[in-house]
Structure formats: C-alpha cells, structure tokens
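Encoded as structure tokens, the structure appears first; notes follow it.
Each value in this text was obtained by applying a stated rule to the coordinates, not by laboratory testing. Since the model is a prediction, treat every value here as computed from it, not as a measurement. Positions of Cβ are generated from backbone atoms using ideal geometry, with glycine treated the same way; all protein chains shown enter the neighbour counts.
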Amino acid sequence: MKKRDRTPKTYSRLTHPMVRDEKNGPLRRATWDEALAKAAEGFRRTRTEHGPDAFAMLSCARATNEMNYVAQKFTRVVMGTNNVDSCNRTCHAPSVAGLSAVFGSGGGTSSYEEVEHTDFILMWGSNARFAHPIFFQHVLKGIRNGARMYAVDPRRTSTAEWAESWLGLNVGTDIPLAHAVGREIIAAGLHNKAFIERATTGFEEYKKLVEPWTLSLAEKVTGVPAAAIKDLAHAYASAERAQLCWTLGITEHHNGTDNVRALINLSLLTGHVGRWGAGVQPLRGQNNVQGGGDMGAIPNRLPGFQDILDDGHRAKFESAWDVVIQPKYGMTLTDMFEAMEHGELKAVYCIGENPAQSEADSDQALRRLKNLDHLVVQDIFLTKTAELADVVLPATAAWAETDGTTTNSERRVQRVRAALTPPGEAREDIEIICDIAGLLGHDWKWADAQAVWDELRSLSPDHFGMTYDRLDAHQGLQWPCPDTDKLPSSFLHGRLWETDPERRGKPAAFGLVEHDPPVDLTDENFPIRLTTGRRLDSYNTGVQSGSFASPLRRGEYIELCPEDAERLGVRVGEEVRVASRRGTVTAPVWVDPGLRPGLAFMTFHFPDEVDTNQLTIEANCPIAGTAEFKASAIRIEKLHANEPVAAVRS
Ligand SMILES: Nc1nc2c(c(=O)[nH]1)N[C@H]1C(S)=C(S)[C@@H](COP(=O)(O)OP(=O)(O)OC[C@H]3O[C@@H](n4cnc5c(=O)[nH]c(N)nc54)[C@H](O)[C@@H]3O)O[C@H]1N2
Ligand SMILES: Nc1nc2c(c(=O)[nH]1)N[C@H]1C(S)=C(S)[C@@H](COP(=O)(O)OP(=O)(O)OC[C@H]3O[C@@H](n4cnc5c(=O)[nH]c(N)nc54)[C@H](O)[C@@H]3O)O[C@H]1N2
Ligand SMILES: [Mo]
C-alpha cells in the first residue's frame, strides 16, 4: 500500500477571488467584478430555471451575528427559500430540538457564573477540558468552591481526570444509564414531588418507562458498575443545586434528540432547572453557533428564534422585508446533501463551512458536492470545499478583522472588533453578500455592523434591549433581553417555580424515549467501536489550526487501549489499516490507557493526512438531522511493511 504523505498541509489565507471557466477546469485568479458577476449569474439562473428551493445557503458559525442575519435575509429575500443552515446540524441541533420541545426555547438554561457557585456538576459526554477550556475554568472554580464533579464518558478523558467519579459507559448507552439513574432517584424517594406535580407533565408514564432499568440491567447494558450508577443518582438528586452539562457524546448519535430528552428528564425529576445555580446546558461548539441559529440562519426559525410556521411572525418579517416568506421549513444541512444526491439542489452559497471534510461518510459527501451546477465558497482559506467551487470569494476573518457581535453558550452577546488589516483583496462577509444581492436587484445598504444589529433588534424581542452601547457597558448581555432599561436574568425558566399557574405557563414534559443502540453494529468483521472527537491542540477540519508547524501539533493517530494494542501486536507509531463498512484509511497507532478494550478514538483534525470521515456513518437523528459521528464499527489490520512515524512524542 502506498505510504501516505503526512507532511502538514499548509493553508494560506485567500487574498483574491477565483473562478473556474469550465466545470472540470482549474480555478484561476479573477477580479472582484468578474467573480461577483459569475456568482450572481449562477444564483439567478438557478432560481429562474429550477425555482427558489434549488438554492441553499450554508452560513458561518464562526462569523458574526450581523453576518448571519444578512446571510439568512439573502436566502429568504433574494432567493425566496428557507434553505439555510450551518454546522449546528452536525453538532448541537439535537440539543436545540430537545430543549425547545421541553421548555419552548433552545438555549442552555444557565450562566457560567452559576457553575462556579453550584453544588454538583455533571459533565455528560463532554470533554470540556479540551473542547471548552474557558468554560472549564468556571468548572474548576466551582470545584475549588466545593462543588462535586462527575463525568460520564466512554473514555477516561482529561475532563474525567478532574472528576470525583468517572462513569465509563459503552458508546451509545446513555439512555439506559439516564433511565437507571431516574429509576433509582424515584425508588429512593429523592425526586422533587412538589416541582413534578406543579411544573411537569408525563411523570407517571416516565416512571413506568424507567421501571425495567434496574441497576443490574443497566450495568449489563452500559458497562458501568451498579454501585457507581446508584452513587451518581444519589449525588445528583440530593445536591442542593446541580448543573447538568452535555455535548457531542450525547448529540452526535442517530438518536441524539432522544438522548438529550433523557438527560433533561433528570433535571425535571429533581427540580434542578429554573433556579439560580441549577440548570441544563449544552456547551455549544463554534464561537458563534448559538448566535447563527438565533439570527435565523436555520431552516425553521426567523431571527430571534421565531417559528416560521407562525403566521404572526412571518407577517412581521414580510412587512419589514417587503417579501413573501414561504410558510414551510427549509432544508437542513442533512436534507441538502440528500437533495444533492437526487439532483434537486442545484446551487449552494457556502460561507465559512468545510462540509467536504466535516460531513460523515466524506467520500459520499464529496461526490454529492460535485453534483451541484453552481457552488460559491466564501472563506478565509482555500479549503477542500473551495477547491470544488465555481467561484471562490476571499473574506475577512470574523476574528480580529471584522466588527460585530457573537453569542456564546450562556446566551451572552458580546462585541468583537476589527483590530487587524485583512490580507490582500479580502473583503467583509457582509459587503460581499450585499454586492451579490445588489446584482440580483436588491439594493441593501447598512452603514456598519451596528445598523444591521439595530434592524435585527427591531424584529427580535429577545434582543431588543441590547444596544451596542449597553453591550459595551455590561461586557455583553444575555438573551432574553427585551428591555433597554433592565438587566436580563442570568438563567431561564424561573417561571416553572411560580405558584400562580398563569405565570408558570406551559409545563415541561418528560420525554418518553427508549434505548436504541448505534446503527453501525460491531460484528466479527468490524469488531471495534470507533468514536471520534477532539483534541486540545487542533480545531475541527484543521483548516484554521492544521498548518502550523508547532511542537503542539501531533497529527492524526488511531488511539487504542494498551490491551488492544498488545492483542493486535501493534506499537505506538506503527501504521495500521483502519476499515469500516464505508471506507479505509491508514493511520499510526497511539496507546491511551484512558480507553477501554474494544474502543478506539480518532479526531477529524487532519483530513488531508488521514480522512477519518471516510470511516464514519451517515446515520442521522430523524428529528435533528445530526449524524452518528460518535459510533462507527471498524477493524484494525496490521500492515506488513511497518515503519514507525518520525517524532512520536509521549
Ligand atoms: N480544541 C478544540 N476545541 C473545540 C473544537 C475543536 O475542534 N478543538 N471544536 C468545537 C466544536 S465545533 C464543538 S461542537 C465542541 C465539541 O466538544 P465535545 O463534545 O466536548 O468534544 P468531542 O471530543 O467531540 O466529544 C466529547 C466526548 O464525547 C465522548 N463520547 C463519545 N461517545 C459517547 C457516548 O456514546 N456517550 C457519552 N456519554 N459520551 C460519548 C467522547 O469520548 C468525547 O470525550 O468543541 C468545540 N471546541
Ligand atoms: N468525525 C467527526 N466529524 C465531525 C465531528 C466529529 O465530532 N467527528 N464534529 C462535527 C461538528 S460538531 C462540527 S461543528 C463540524 C465542523 O465542520 P465545518 O464547520 O465544516 O469545519 P471547520 O473546520 O470548523 O470549518 C470552518 C471554516 O470556516 C472558515 N472561516 C473561519 N472564520 C471565517 C469568517 O469569519 N468568514 C468566513 N467566510 N469563513 C470563515 C474557516 O476557514 C473554515 O474553512 O464538523 C463535524 N464533523
Ligand atoms: Mo460543532
């Protein structure tokens, strides 16, 4: 087998526009006028020949709120469709779906400050020490202030190292574990009966549902000792205030939304929500993935998380924008790739996303992207996705080159500012979108980012109270912030504790969700469970972090536990073949004692060297559209010509 080139790929900033003159020809340098005209012409042709829904927008979860507002407005007003989405779909869409179904709003309920002053922190399927290092500082302060911290993760991660108890469960068995915890809380009489009675529905059905999940059955299915499950149930339920934090270990499954519901059930059972210090939080991924969704860059919500199917909400935007909005949900990112397969989607405007390398089953994703008639990529680097484009537009980086705001996981909107000069001919994302809108007959002029923000504020009650001046004065504000003269509450759903039913509003429903194991089953041909995720030193598809020559950069490995490495007769640094039902890659071995037998781990940070997503399965959550990145079945084969890679460090 050909030896893979593992020289780090160098991405340099895009400094000028590029176009492709014929479908399979090369990209060549172009002027801005030429590139914008070509981009606009392709969109016009698509709309005229195939209708509005043959177009889709991918909007950037790293860029500002203002840019996301303009991108979704372009989609709805200029192109006439609701087909707009982002990498939120690969990530926390199940959290948003689960939280909205229970509480009516998709945001995490608590603030970071509360984590410092809570009594119990449950990190479930989250490696925050690596993936949310700033949030983790708040966790560490909480621990220093006396909070207990438990971790639930198949791997003994760097986060789990800080935990008082680590529950190392089998991948994809979170529902059995959560149900067993729920059952034990009820059996021990530790549930909050008054809260359940007043603020929830479905408790009796839930009690029946979890009844079979005894500690011993749960131990069999999850691999976690019964005593540890019992201990978690008692510690969580008897804490005065508890925070339940989760991330992709919960959401990146074919039943991600059900997993989220199973965790929220525990907070309803104990009343650990809607009070200061107690809550449920998905720690969001990209710096502005929360804001992108809040701005309406998702197919089912208008800006301010206002449902598109609601006639009143649509009417408000229709009159402000002077357009008719289709009364239906648009395509999710997942639907878009399906539609590419069938030739129903013809044109995509991809701003700051790299789906050619981030989608599950990347060979399939690449083939689908190649089916498009017209692909416009607006990025700061020449990504693998950009290499497929008909038009490439160089943007300024939201980070340090652009003015605006972003929104973090605690729903805090904060200002970002241009401090650096952008390279070459790169232009601001918003300006580029407006130029294309102009060529398509929409004369949009905002003086600056603040003018965009003020338009959004006028249409989103949750943001109305957040003027730029107030954001500056308070170092950011959390939504909902409807008033310009009052400070918002730091946590959500305090209403659930009101005694007056009018003020309490809609009760929170227990989720009646059942265990459903991973789709990609292990068997004698594919006996090892592969889970994928992140490391501290690198970022997503590596475009923004992969090219630097730093001693921190480790490159890709397939990580195994010492027992499996010995059984397979492989050692650290040795190249092995890794095969799944979808593809094969070769990668060097790393040995991590934090893994358990039968479990392997890879990142997706170095796809130009080892394309991990050739292995993953596109088995999607039917509610949220998120793929099961966390559970593939693989086999590992020894290669005969073994060569240790250079510079393996411990
Ligand atoms: N350094 C760094 N930070 C990042 C990123 C990055 O690339 N690099 N990316 C950002 C983005 S986009 C996101 S979304 C976040 C993601 O942040 P995290 O979700 O914390 O990161 P992951 O490593 O993908 O997955 C978290 C954990 O899920 C565990 N897990 C796997 N399967 C299961 C399971 O079945 N059940 C349970 N309970 N756990 C399971 C894994 O072992 C892993 O430790 O990080 C953000 N921050
Ligand atoms: N195997 C596996 N695959 C996964 C995951 C996993 O856990 N395992 N996780 C999934 C998750 S959670 C996510 S979020 C996705 C991430 O998937 P993507 O979002 O597709 O990947 P990124 O590498 O984050 O790509 C970000 C792009 O934005 C560009 N960019 C940055 N700032 C700006 C800006 O200001 N303007 C513009 N125009 N562009 C900008 C960067 O250059 C880069 O090309 O990957 C998913 N894929
Ligand atoms: Mo993410």
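May I ask you to sort GLU344, GLU524 by Cβ crowding, counting other Cβ atoms within 10 Å and putting the fewest first?
Values: GLU344 15, GLU524 6.
Lowest to highest Cβ neighbour count: GLU524, GLU344.
Taking a spot 7 Å from the Cα of ALA187 along the direction of its beta carbon, which residues of region 193-212 have an amide N less than 16 Å from it?
207-212
Looking at the square roots a ≥ b ≥ c of the eigenvalues of the Cα gyration tensor of region 453-588, which shape do they give, rounded for a/c under 1.5, prolate if a/b is larger than b/c, or oblate? Walk me through the numbers on the way to the answer.
Working: a/c = 3.67, a/b = 1.86, b/c = 1.98.
Cα axes put region 453-588 in the oblate bin.
Which far-off residues, 5 or more places away or on another chain, put their amide H under 5 Å from the one on VAL416, with H placed in the peptide plane?
GLY404, THR405, THR406
Which of rounded, prolate, oblate describes region 528-638, given a ≥ b ≥ c as roots of the alpha-carbon gyration tensor eigenvalues and a/c under 1.5 marking rounded, otherwise prolate only if a/b is larger than b/c?
Judged from the Cα gyration tensor, region 528-638 comes out oblate (a/c at least 1.5, b/c at or above a/b).
With unit charges on the beta carbons (Lys and Arg positive, Asp and Glu negative) and the dipole taken about the Cα centre of the chain, which residue among ALA619, PRO507, VAL139 sits farthest to the positive side?
Of the listed residues, the answer is VAL139.
How high is the relative contact order of the chain? Use alpha-carbon pairs under 8 Å, at least six apart in sequence, and give a whole percent. Mind dumping the intermediate values first?
Values: 1464 pairs, mean separation 133.3, N = 650.
Taking the mean separation of contacting Cα pairs over the length of the chain, I get 21 percent.
Please list, ordered by chain and number, the residues whose modelled amide H lies under 5 Å from the amide H of LEU530; skip anything fewer than 5 residues away on the same chain.
Here ALA600, SER632, ALA633, ILE634 satisfy the definition.
Fewest Cβ neighbours within 10 Å first, please rank HIS253, HIS342, HIS313, HIS474 accordingly.
Values: HIS253 31, HIS342 9, HIS313 19, HIS474 15.
The fewest-first ordering by Cβ neighbours comes to HIS342, HIS474, HIS313, HIS253.
For a quick check: with amide H placed at 1.01 Å from N, whose amide H comes under 5 Å from ARG427's, ignoring anything fewer than 5 positions away on the same chain?
So ARG427 has HN proximity to ALA395, THR396.
Do the sum for the chain: with -39,500 (n - 2.57) for every DSSP H run of n ≥ 4, divided by all residues, what is the mean residue ellipticity at 222 nm, to the nearest 500 deg cm²/dmol? Present the calculation step by step, with values, prior to reporting the outcome.
Details: 24 runs with 211 residues, N = 650.
My calculation for the chain gives -9000 deg cm²/dmol from helical runs alone.
With each pseudo-label sitting 7 Å past Cα toward Cβ, what's the THR214-ARG13 distance in nm, one decimal?
6.5 nm
Here are some pairs, LYS23/LYS346; LYS23/LYS384; LYS346/LYS370; LYS73/LYS370; LYS73/LYS328; which of them have Cα atoms lying more than 18 Å apart in this structure? Walk me through the numbers before you get to the answer.
Details: LYS23/LYS346 14 Å; LYS23/LYS384 16 Å; LYS346/LYS370 10 Å; LYS73/LYS370 26 Å; LYS73/LYS328 16 Å.
Where the Cα-Cα span goes over 18 Å, the pairs concerned are LYS73/LYS370.
Which number gives the lysine pairs in region 93-282 that have C-alpha atoms under 22 Å apart and are eight or more places apart or on different chains? The partial results should precede the final answer.
Numbers: LYS193/LYS207; LYS193/LYS208; LYS193/LYS230; LYS207/LYS220; LYS207/LYS230; LYS208/LYS220; LYS208/LYS230; LYS220/LYS230.
Taking region 93-282 as the scope, the lysine pair count is 8.
Please tell me the relative contact order of region 323-413 in percent, rounded to the nearest whole number, where contacts are Cα pairs under 8 Å and at least six residues apart. Don't skip to the end; give the middle numbers.
Values: 97 pairs, mean separation 19.9, N = 91.
It rounds to 22 percent for region 323-413.
Say each of LYS316 and ARG28 gets a label point 7 Å from the Cα, pointing the same way as Cα to Cβ; how far apart are those two points in nm?
Rounded to a tenth, the inter-label distance reads 5.0 nm.
Please list, in order along region 257-273, the HN-Hα scalar couplings obtained from phi with the Karplus expression 6.51 cos²θ - 1.76 cosθ + 1.60 (θ = phi - 60°), rounded to whole Hz, x for Gly and Pro.
After applying 6.51 cos²θ - 1.76 cosθ + 1.60, I find 5, 4, 4, 4, 4, 4, 6, 4, 3, 5, 6, 6, 5, 9, x, 8, 6 Hz.
Counting pairwise Cα distances across the chain, what percent come out greater than 34 angstrom? Let's see the in-between values first.
Details: 92068 of 210925 pairs.
Here the tail beyond 34 Å accounts for 44 percent of pairs.
Specify whether the C-alpha gyration tensor of region 93-282 places it in the rounded, prolate or oblate class, a ≥ b ≥ c being the square roots of the eigenvalues: rounded for a/c under 1.5, otherwise prolate if a/b is larger than b/c and oblate if not.
On the way: a/c = 1.31, a/b = 1.14, b/c = 1.15.
Rounded, because the longest to shortest axis ratio a/c is under 1.5.
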